[in-house]
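Every read-out reported here was derived from the displayed coordinates using simple, explicitly stated rules and does not represent laboratory data. For clarity, every value in this text was computed on a predicted model and none was experimentally measured. Every residue, glycine among them, receives a Cβ derived from its backbone with ideal geometry; neighbour counts consider all protein chains shown.
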Amino acid sequence: MSLQRNVLFAVTAMAITASSALAADTRCFDEVAATRGYTLGTPVGAVPTPDGKSALYLRSGPRDTVQRLFEFDIATAKERELITPEVLLGGQQEHLSAEEKARRERARVSVRGFTAFSLSRDGGRVLLSLGGRLFVFARTDGKVTPLPGEGWIAPQLSPDGTKVGALRDDDLHVIDIAAGTDTQLTHGAGETLQHGEAEFVAQEEMDRRDGFWWSPDSQFIAYEEADLSPVETDYIGDPLAPAQKPVEFRYPRAGTANAIVRLGVMSATGGPTVWVSWDNKAYPYLARVEWMKGGPLSLLVQNREQTDEKYFAADPKAGTTRLLWEERDSAWLDLVAALPKEVPYWLPDGSGFLWMTERGGQTRLERHATDGKLLNAITPAGFRFEALLDVDMQRGEAVVQGGTDRLSTQIYRVSLKGGAPVPVAVARGLNTGQFGEQHALLAHSYNLLDGSHGVDLLSRDGKKIAELPSMAEKPPFVPAPEYFTVGKLGFDAMVLRPRDFGPKRKYPVILSVYAGPAAKLVWAAPRNYFANQCMADRGYIVATSDNRGTPGRDSAWFRAVKGNAIDIPLQDQVDALQALGVRVPQMDMARVGVFGWSFGGYFSAMATIRRPDVFAAGIAGAPVVDWQDYDTYYTERYMGLPDANADGYRKSNVLTYVDQLNRPLLIVHGVTDDNVHFEHTMKLTLALLRAGKPYDLLLLPGTHMLADDLLRARETERQMDFFAAHLGSPR
């Protein structure tokens, strides 16, 4: 095929011979996209109120993405809508600043209306943000208090509920709710200086969204200052809006300079800043900051290689620090998810803090004294600790998310002194949740192996009290993945067959892949796979597996990929795929396609180029092509610094192998992607062009997330056209 087949915004349409009525049904992708996999209308961000009498949550309609605020009364089992975005905006359109759009991109938020809310400690007030404006809703009488000013981002309610901290034009302000006054605390922010805003790698890679922190008594604020001047400047233009100037963006590529970060403390009424001292040249990453009841202002910092981290207690008046704990790992150190409870976590009675470690080869929660001394392990050996949901000092126990089932996230209670975990919500599948202030009520979100999905309220011992109302559409089917453990290494794997599967037929295969160290794909949660089931119903068997380097197992499994992003994942995925082919003889192993997004797109490009003996065609969505063009924190954690691992970067670079391409390859990318920049695809297509290798190109408007539901459905259909042309139909 001619090189001129590369087309902007389209791939040449290809005729498809439908193998059945199911294969001819093109509505499946539309329905899944329009309902976001039948999740729209499910309660989001549910939290029990401090009095334990009700729960607050956000919810959209079943086919819209505008979230509204609701309250569920437990005694009456009645729901009421508290406030809508339309009321607050007076019918006007919501407009988002470039800063707010960037924050939502970092958090992968693509809904509208209310995207989050904050509840005061007494439960009487709710802070809401909408279109850069701030509102306080009083639950007692329904009064709405608009706060002064516009253009606010990252608002935080003070612990005493009387003030709001927020950012505008990269400076930190405090708004007094009763007085309606706005006090600007920091000054001098500009193009290369930010106050109170988490820098790019903190938001994108560290799961740290906050750049300022209230003191427990609401009298002081600690804030990050980020000097962006050393960071390389990128300019991202939108081809759909050529009259607009490109957006200037500071992006730290692997091996280049990061932002220079420091931590300051000032009174919530204004005044001088006290700067907290640590060696931020040796430990440039400010990974976590906590200022919790019972504990000091604390900060977790890491070295550039992320192999050494130190946890400090800081004196907010003097700016001095004392070392509490230090941890090292020859490969890298991981961070615990910041929600629901941040770890490290200071115990409210001031007796010490909780810490996550992998020193024993498995993520584990442990308890330390106020001077940092290790007191005891909390979770037992062999138990995978994932997140801290609650700490109840009166009962002397924590509630944790994790378990021993690799295909599930489960919830347990465990004594702070250690011991056997006690089940709370352990049905196979995905369980998580949020406790109320009194520790008695859990808003439990579930997505389970039996196909059930929703949010209910549980007592602390796991007894169901109520189900929160959902508006989500009931799907016409629930995918039915078959789970396997395959290969000598015991890979977690699954397949989806067409719903009209014929056991005497041979089906082309699609490998749906991520393969990178940030995500696991195989879960005991069938509702995760609606889009893949739609693909299968076109006449394919869709396979998925988790290779070494993906999370959820032990530390050695996770760290096996250090220094080389592709060789082990590629071999593992091939081994798992071929083992599945033995277990499922209807898989036609001579007709296998591969597709993925982001790291999965990178993997798909590599697999198509390097293993034509296995893969007949590939689709690379938003692929990282050259790891030296991806950000510092993510890339260097797994690959090391480019100067210290030149051979690893060369082996992991797609451009190293472009002259080997001899299978059809479709590249898909958003032209304004500010995560995996579009230059990755431009470099790949130019290299392929120079090498005389044909390829297909599908360009999309927008960034790393394709928020438009219709476009997402059409994109998937184009992918299926591509696979139909190159893999054929069942035989």
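Worth pointing out:
- In degrees, nearest ten, helix 98-107 long axis to first principal axis of the chain (Cα): 70
- The range 487-568: chymotrypsin sites (Phe, Trp or Tyr not before Pro) in DSSP loop, at most 12 other beta carbons within 10 Å: none
- Report summary: the helix-based calculation at 222 nm, which adds -39500 (n - 2.57) for every DSSP H run with n ≥ 4 and divides by the residues of the chain, gives -4500 deg cm²/dmol.
- Degrees, to the nearest 10: 567-583 long Cα axis against longest axis of the chain: 60
- The lysines whose alpha-carbon is closer than 18 Å to the alpha-carbon of LYS520, local same-chain residues fewer than 8 away aside, are LYS562.
- The largest-to-smallest principal axis extents of the Cα set in the range 51-119 are 43, 27, 24 Å.
- Full extension of the chain between ASP227 and ILE74 gives 50.2 nm of extra length, using 0.36 nm per residue less the Cα-Cα distance.
- To the nearest ten degrees, helix 599-610 and the longest principal axis of the Cα atoms of the chain are 30 degrees apart.
- Cα-based reach from LYS53 at 26 Å (exclusive), listing lysines while leaving out same-chain residues under 8 positions away: LYS78, LYS143, LYS163, LYS293, LYS341, LYS463, LYS464
- Paramagnetic reach from GLN184 (point 7 Å along Cα→Cβ, amide N under 19 Å) across the range 262-294: 266-273
- The range 358-494: C-alpha gyration tensor shape, a/c 1.5 cut-off, then a/b vs b/c: oblate
- Look at the alpha carbon pairs under 8 Å that are at least 6 residues apart: their mean separation over the length of the range 443-589 gives a relative contact order of 24 percent.
- Put in order of Cβ neighbour count within 10 Å, fewest first, the listed residues LEU521, LEU172 become LEU521, LEU172.
- Cβ crowding within 10 Å ranks THR550, THR145 as THR145, THR550, fewest other Cβ atoms first.
- Charges were assigned to the Cβ only: +1 to each Lys and Arg, -1 to each Asp and Glu. The resulting dipole of the chain about its Cα centre is roughly 2260 debye.
- Dipole magnitude for the range 530-675: computed about the Cα centre from +1 point charges on Lys and Arg Cβ and -1 point charges on Asp and Glu Cβ, it is near 460 debye.
- In loop segments of the range 215-261 as defined by DSSP, the GluC sites (Glu not before Pro) with at most 15 further C-beta atoms inside 10 Å of their C-beta are GLU232.
- Gyration tensor verdict on the range 317-405 (Cα atoms; rounded if a/c is under 1.5, prolate if a/b is larger than b/c, oblate otherwise): oblate
- Between the range 392-445 and the range 618-673, the alpha-carbon center distance in angstrom: 39
- Most to least packed among 696-702, 94-100 [average Cβ atoms within 10 Å]: 696-702, 94-100
- Mean Cα-pair separation over length for the chain, i.e. relative contact order, pairs under 8 Å, 6 or more apart, %: 12
- Stokes-Einstein D for the chain, Kirkwood Rh over Cα pairs, 37 °C, 0.692 mPa s (µm²/s): 122
- Distance from the range 139-155 to the range 483-499 (C-alpha centre basis), Å: 50
- By the rule of a C-alpha distance below 18 Å, with chain neighbours fewer than 8 residues away ignored, the lysines paired with LYS281 are LYS310.
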